Structures are given as C-alpha cells and as structure tokens.
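S.K.: Sharing a structure here in structure tokens format.
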Amino acid sequence: MRWDAQALLPPPAETLAAGAPAALLPLAGLVRSVTTPDFAGITFHEVTAKSVLNKIPAGSRMPFEWTINPYRGCSHACVYCFARKTHTYLDFDAGLDFDSQVVVKVNAAEVLRKELAKPSWTRQQVALGTNTDPYQRAEGRYQLMPGIISALADSGTPLSILTKGTLLARDIPLLKSAATQVPVGVGISLAMTDEALSEAVEPGTPGPRARLKLVSRLRDAGLPCGVMAMPILPWLSDSDEALDSLFASLASAGATGVTAGALYLKPGTREWFMKWIAANHPGLAGRYRRLYGTGSYASKEYRAWLAGKVRYFKARHGFSHSSGFSHRDLDDPRGEEAEYPAGIIPAMASEGGPGTTPSGKHASLSPTTSKAALRPAAPGTSGPAGQETLF
C-alpha cells in the first residue's frame with residue numbers, strides 16, 4: 001500500500017510544455033511512475049512490455065543469441081557502466097538519469113512464457129545481465145527474476161545470469177532446480193577488493209566482501225560461478241597488490257573462472273566517467289585523456305601490459321586453465337577481455353562433445369567441481385617477468 005501511495009500521475013500537457021522533469025516524460029507502455037523514501041532519489045517507471053526476448057544482431061560473435069533485460073537503467077550507479085548510452089534511446093540522459101530513472105517491465109515473466117511457447121522458439125541460450133543488472137535493488141520489490149528463470153527452465157531454454165547483486169542468493173534454490181532441467185551459467189561481476197574504491201565507483205552495489213560471499217554460496221550449492229573482473233581501472237586498481245588480492249580472493253571463494261580487462265569508455269560512458277575522474281582524482285584526469293585519446297579503449301601498449309600482469313596473477317592463483325568462450329582472436333591484446341570465464345556460459349552438449357558451446361569452444365567447468373579443486377596454487381616469489389610499471 002505504501003508503494004502504491006507513491007505513484008506519480010502523468011502531468012498535464014501544460015506542465016510538460018513548461019518543462020516537466022524527464023522522470024515524467026511518457027514511455028511506451030507506461031502504467032505509472034513511482035517514487036518512495038525506501039529508494040531515495042530514484043523513480044521507477046512501470047511499463048507493460050510487448051516483448052522481452054531481444055535478438056542479438058546478426059554477425060555478432062557473442063556466445064548467445066538472445067537476451068532479456070527486465071530493467072532499463074540501474075541503481076548500482078557504476079560510473080564506468082558501458083550501458084549508459086542505451087538510456088538515451090528512451091529520451092533519458094546517460095548520466096544521472098541512468099542511475100535514477102529505472103524502467104521496470106512488470107509483465108516480463110508473463111510475456112516471456114508466451115514467447116517461449118511459440119512453435120518457432122528453438123530453445124537457444126538466453127543471457128540476462130548483459131545490459132543492466134537484473135538483481136539491482138529494485139528486484140527485491142518487483143521479484144521479476146523467479147518468474148523469468150522458471151519460464152526459461154520450464155521451456156527447456158538454457159540460461160545465464162551476470163550480476164553484481166547479492167539478491168541473487170534469494171534464487172539459489174530456484175537456480176539449482178532449473179539446473180536439473182536445463183544448462184545454467186552464473187557470473188558475478190567483481191573487479192576489485194578495495195571496499196573504499198568500490199564505494200566510490202559503484203556506490204549502489206553490494207561491496208566486494210558481500211560479492212565474494214555470494215560466489216562461495218553459489219559454489220557450495222553446486223552451481224558454477226565465473227567472475228568478470230572488469231573493469232580494471234588504470235592507476236586505481238591495476239597495481240600488483242590490487243590484482244594479487246583480487247585473484248587470491250576469487251580463488252579462495254571457489255570461482256570457476258575469471259576474465260579481467262581494462263576500463264572501456266564508449267560514448268555516453270566516457271563523458272560521465274571523465275567528469276567523475278576530474279572531480280575525484282584530478283591528478284589522473286590528464287593521464288586518462290592521454291591513455292584513451294579519442295577512442296573507447298586504452299592504448300594498445302597499456303592493454304598488452306595489463307594482459308601480461310593478468311596472465312601472471314591468474315596462473316599464480318590457479319586460473320590458468322579456466323578460460324571459457326572467446327569471441328575474439330586470442331592474439332589480439334584484447335583477447336583476455338573478450339573471454340567469458342568458465343561458469344558463465346552454460347555447459348551444453350553438442351557435436352563438439354559435452355561441455356562445449358555449439359561452436360565447439362569449451363564453455364564451463366562442471367557445476368559440481370568442488371571449491372577445494374580450485375584453491376590457489378602455492379604463490380610464486382617473483383613478479384611478472386618483464387612487466388615494469390610503465391603506466
């Protein structure tokens with residue numbers, strides 16, 4: 001009842017003409033817009049969707065062909081989020097609006113069941129968490145994911161989830177059940193163990209310790225859990241100490257695999273992140289501009305340097321043979337960034353044999369691989385050969 005009492009009525013035409021806030025601008029299928037003290041500063045726009053299955057464009061090298069995004073916008077408010085630009089498609093901005101104007105597809109599960117029941121559906125893998133986080137805080141209120149997971153599993157459709165949200169723990173029993181019906185992949189996004197840095201750059205997310213505990217809970221439940229350790233932030237989280245702490249913690253938690261890569265600043269994200277750097281680390285602002293130039297990627301030299309460090313620390317902590325599906329040539333300096341770590345992509349039987357994707361690439365370790373088998377190897381005593389601190 002309290003939630004219902006916070007509903008915002010659409011403004012009259014004369015109010016819009018006078019410059020109403022973007023939060024009240026019309027959206028396709030809008031039912032109502034809601035604010036509540038429990039989510040201070042955030043407006044939820046509840047919409048009824050006509051479709052929730054999104055087809056990946058032809059020619060994509062992603063290891064899946066379909067995605068679902070039950071939410072648009074994300075209260076995790078990660079200053080580096082690559083998806084910020086997509087909010088402009090809804091006439092919101094890529095900065096503060098992305099963090100505070102969240103679109104909720106309240107009928108997602110119902111629409112999905114209808115789409116999955118069509119004779120044309122061929123049960124290809126569906127990925128969740130590819131744009132905005134399906135387990136952001138609002139999921140605790142709307143509870144869309146249980147219906148989505150059940151619909152996919154009941155239809156025989158393999159699924160994967162990538163999230164920073166510890167709300168996922170609520171659905172571990174459901175995911176265990178789904179894994180008896182279809183291949184299931186689970187991934188956690190975690191790129192640093194520094195709690196203060198995490199609070200600064202991803203203020204709406206559960207902290208690193210909480211996410212590490214989630215990795216352990218998933219593994220203890222017999223589910224796979226790969227980790228996307230992205231983005232590594234130049235001069236903020238790319239030191240030997242930071243990377244050693246990260247990979248040691250992930251190994252201890254039992255992660256089935258890990259992929260790490262440098263910050264990616266596509267348009268929309270770049271402007272917001274550079275504004276944050278200038279305000280919070282003014283001494284780094286010029287260095288970031290030089291490192292990224294006018295593009296979205298850090299320089300080739302930096303990526304190659306970081307890839308060498310990542311390979312060293314992955315080997316040091318027992319992740320050398322835990323890679324999963326890659327959608328780029330591994331000779332490219334971005335090869336590490338292009339991999340999906342073991343555990344995220346569902347292990348699927350195919351012509352290439354058990355545990356492979358349709359392309360024949362190895363997709364995942366067995367969900368029943370024990371945490372003990374993934375403990376870190378004895379640490380070495382020397383640093384990465386030839387990896388001087390160049391940046």
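The values are calculated or read from the model by the stated rules, or taken from the named source; none is laboratory data. If you're wondering where the values come from, they're calculated on a predicted model, not measured in any experiment. Here the Cβ is made from the backbone with ideal geometry for all residues, glycine too, and neighbour counts use every protein chain on show. These accessible areas exclude ligands, DNA and RNA; they are computed on the full protein's heavy atoms, side chains included. Shrake-Rupley method; radii C 1.70, N 1.55, O 1.52, S 1.80 Å.
S.K.: Take the residues in the range 74-92 that are among the aromatic types (F, W, Y) and assigned to a loop (DSSP other than H, G, I, E, B); name whichever of them is farthest from L233 (Cα to Cα).
M.R.: Looking at residues that are among the aromatic types (F, W, Y) and assigned to a loop (DSSP other than H, G, I, E, B), I get F92.
S.K.: With respect to T193, is the statement that it is open to solvent by less than 10 Å² (accessible area, probe 1.4 Å), assigned to a loop (DSSP other than H, G, I, E, B) and touching a residue at least 24 places away in the same chain (Cβ under 8 Å) true?
M.R.: no
S.K.: How do the pairs read when you match residues in the range 217-241 that are assigned to a loop (DSSP other than H, G, I, E, B) and small (G, A, S) with residues anywhere that are open to solvent by less than 30 Å² (accessible area, probe 1.4 Å) and at pLDDT 95 or above, using Cβ under 7 Å and keeping only pairs 6 or more apart or on different chains?
M.R.: Pairs found: A221/I172; S237/A191; S237/M192; S237/L197.
S.K.: While we're on this one: Return the residues of the range 160-183 that are outside any loop (DSSP other than H, G, I, E, B) and open to solvent by 10 Å² or more (accessible area, probe 1.4 Å); say none if nothing qualifies.
M.R.: Scanning the range 160-183 gives L162, T166, L167, A169, R170, I172, P173, L174, K176, S177.
S.K.: Now for a separate question. Name the residue that is surrounded by the most Cβ atoms within 10 Å (Cβ to Cβ), counting only residues in the range 294-319 that are within 24 Å of the chain's Cα centre (by Cα) and part of a loop (DSSP other than H, G, I, E, B).
M.R.: Looking at residues that are within 24 Å of the chain's Cα centre (by Cα) and part of a loop (DSSP other than H, G, I, E, B), I get F319.
S.K.: Further, regarding this structure: Which members of the range 265-293 meet the condition of being touching a helix residue (DSSP H, G or I) at 6+ places or on another chain (Cβ under 8 Å), within 29 Å of R209 (Cα to Cα) and either outside any helix (DSSP H, G or I) or modelled with pLDDT under 95 (or both)?
M.R.: Scanning the range 265-293 gives L265, K266.
S.K.: Could you check the range 66-124 and list, in sequence order, the residues that are surrounded by fewer than 24 Cβ atoms within 10 Å (Cβ to Cβ), within 20 Å of F44 (Cβ to Cβ), β-branched (V, I, T) and in contact with a Leu (Cβ under 9 Å, 6 or more places away or on another chain)?
M.R.: Scanning the range 66-124 gives V104, V106, V111.
S.K.: What about L212, is it open to solvent by less than 40 Å² (accessible area, probe 1.4 Å) and farther than 19 Å from A127 by Cβ?
M.R.: Judged against the criteria, L212 is a match.
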